[in-house]
Every structure is written in C-alpha cells, then in structure tokens.
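Here, each number is a calculation from the coordinates, and none is a lab measurement. The structure presented is a predicted model; accordingly, all values stated were derived computationally and were not measured. Cβ sites come from the backbone with ideal geometry, for glycine too, and all protein chains shown count toward neighbours.
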Amino acid sequence: MAIALIVNHGKRTVDAEPDKPLLWALREDLDLRGTKFGCGAGLCGACTVILDGVAVRSCQTPISEAVGKQIITIEAVTTLPAGKRVVDAWVDLDVPQCGYCQAGQIMSATALLTRTPKPGHDDIVAGMSGNICRCATYLRIQKAIRKAAGLAAVADGA
C-alpha cells in the first residue's frame, strides 16, 4: 500500500503496511539511516524523531500515525532553529563518546528547546527522560542544552 509522508520538508511515498514502524520506513524504504535502532521497545530513545514538533520513538510509531504530519529526522534537524543551536553546542562541547545515542539525544533536545526555549534544570531532565546514553555523557548533554538555550552553565561544571 502506498503511504504518503512528509519527511524533512519533502513529500515521500512508502510502499508498506500502515502498521510498519516509522523507524523501518525511514531506514529501509527512505534510506535515512541516521535514526538508530536501539531497544525496539521505545525505552532507550535512539530512534527519536520529531513528529509535528514532538519527540517520538519511531520504533513504536506506526507510519499510519505520521501521515499528514511533518517528520524531521537527524538528517534535517539543523533546518530547525533550535536544531541548529543544539548541533552547534554538541560540537562545541564535544558531547558524544561512542555516539550511538546522539541522534536521539539531539532530536529530544531540539524538541525540548522548541517547546521550552529557556528550560530550567528540571525541564531538561524531564525533556531528556528516556534517552539513554551508555557512555553516561548526561552532564555534557545538559550543558550543551543550556548552551543551545543561551543559558549559563551551573556551578557543578555541567
């Protein structure tokens, strides 16, 4: 079945069943491989994309739920003002170690800053909840989010 999607500001068509996870439509059908498979249960955040401004786990989102909505993946995150600031902060602060989770982290951070341009510490923790980093770069991630938001670093060095 042909399913029309709006991905990274362009119209795309996927030949798939409506219950196919968005993650696999992006990776297999549209060759957008920046969105990672992590746990497959929506628990780790590696597969996060932005769907109409909201960070969602693409491994648990059927493509039928994305029809008519703007899907932004890591490949186009810098087309969003907050996404550009987040990526710049990530690079400036050398946030990643292994890097596997970083696409999902960046997508969640971008959605957070789009929704809450000047987040407090609790906003950042809540907004990034469910994004797991096996290298434990959480303090650098939080520092990068604060930098992207134009906020000062906190006393603990994060």
Tell me the net charge near Leu151. Cut-off is 11 Å between Cβ atoms, Leu151 excluded, with +1 for each Lys or Arg and -1 for each Asp or Glu. +3
Distance between the range 1-21 and the range 40-69 - C-alpha centres, whole angstrom: 13 Å
State which entries of Lys11/Lys143; Lys36/Lys143; Lys11/Lys147; Lys11/Lys118; Lys20/Lys118 exceed 30 angstrom in Cα-Cα distance in the structure shown. Lys11/Lys143; Lys11/Lys147; Lys11/Lys118; Lys20/Lys118
Around Val49, with a cut-off of 13 angstrom between Cβ atoms, what is the net charge of the other residues, counting Lys and Arg +1 and Asp and Glu -1? +2
Pop the C-beta distance of Ala136 and Glu28 into the FRET formula with R0 = 30 Å and round what comes out to the nearest 0.05. 0.45
